[in-house]
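So the structure is just underneath, and the comments pick up after that.
The values are calculated or read from the model by the stated rules, or taken from the named source; none is laboratory data. Remember, predicted model here, so these are calculated numbers, not experimental data. Using ideal geometry, Cβ is built from the backbone for each residue, glycine included, and neighbour counts are taken over all protein chains shown. SASA here: full protein model, heavy atoms, side chains in, ligands and nucleic acids out. Shrake-Rupley method; radii C 1.70, N 1.55, O 1.52, S 1.80 Å.
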Amino acid sequence: MSGSPMINWHGPSMEMACGRVAWGLPVSTHTSGYNTSLRLDPVPKVTDQFRADYPHVVVWAAGGLIGRLAAAQIEILLAHRANYHDWTFPKGKLDEGETLRCCALREVQEETGMACTSHYRLAPVFYRDARDRVKAVVYWTMTVDAGAYVPNDEVDAIGWFDLNSADAVLTYAHDRALLQGVDVERFRSTMQP
């Protein structure tokens, strides 16, 4: 499996939380890189609580607001989806039995090829999808641990943008609102110089 990212997780919690194969073995950016039979999450109640608090939501998804420091300023990773002709944050739908945090980590890796560490959860984003269903997306701030982008069926390009440029490039108002609501100093504290 040459060309697959090498996973180097920083601590056992995410390995156990999401059932990842995380012992330095190459894994593909598809579900085969995950032990889908193992869905241990120290806080599955978070996902259950969101479902209980928002029973009107039909579609649940999760993703990452991925940041890095470049020349002492924060840059945000945005994904371009050719099928939708948009720039957005990497995200995807929740699989049956999966927690929102595990979904976010999986979707980010599938769409970007990057294994990330999740830091803190942001407020959920609500909107109507293309089929007019109420959709909620829960994002975590993230930083990249390993991997590199490879074009794929969902995301045909990525870009790193400073905060002002990311705000201008994002296609959707709900994404811009999420970005504008981020505690920049808290986010910066999760990043290595």
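Close amide H partners of L94, meaning residues 5 or more places away or on another chain with modelled amide H under 5 Å apart, are W60, A61, A62.
Treating r as the C-beta distance of Q49 and L69 and R0 as 35 Å, the FRET efficiency rounds to 0.60.
Carbon-plus-sulfur accessible fraction, region 61-193 (probe radius 1.4 Å, protein heavy atoms only): 47%.
Could you check what % of the DSSP bridge pairs in region 48-193 are antiparallel, to the nearest 5?
Roughly 75 percent of the beta bridges in region 48-193 run antiparallel, per DSSP.
Protection proxy ranking for 129-135, 98-104, using the average of other Cβ atoms within 10 Å per residue and placing the highest first: 98-104, 129-135. How high is the FRET efficiency from M191 to A123, r the C-beta distance, R0 22 Å, rounded to 0.05? It comes to 0.60.
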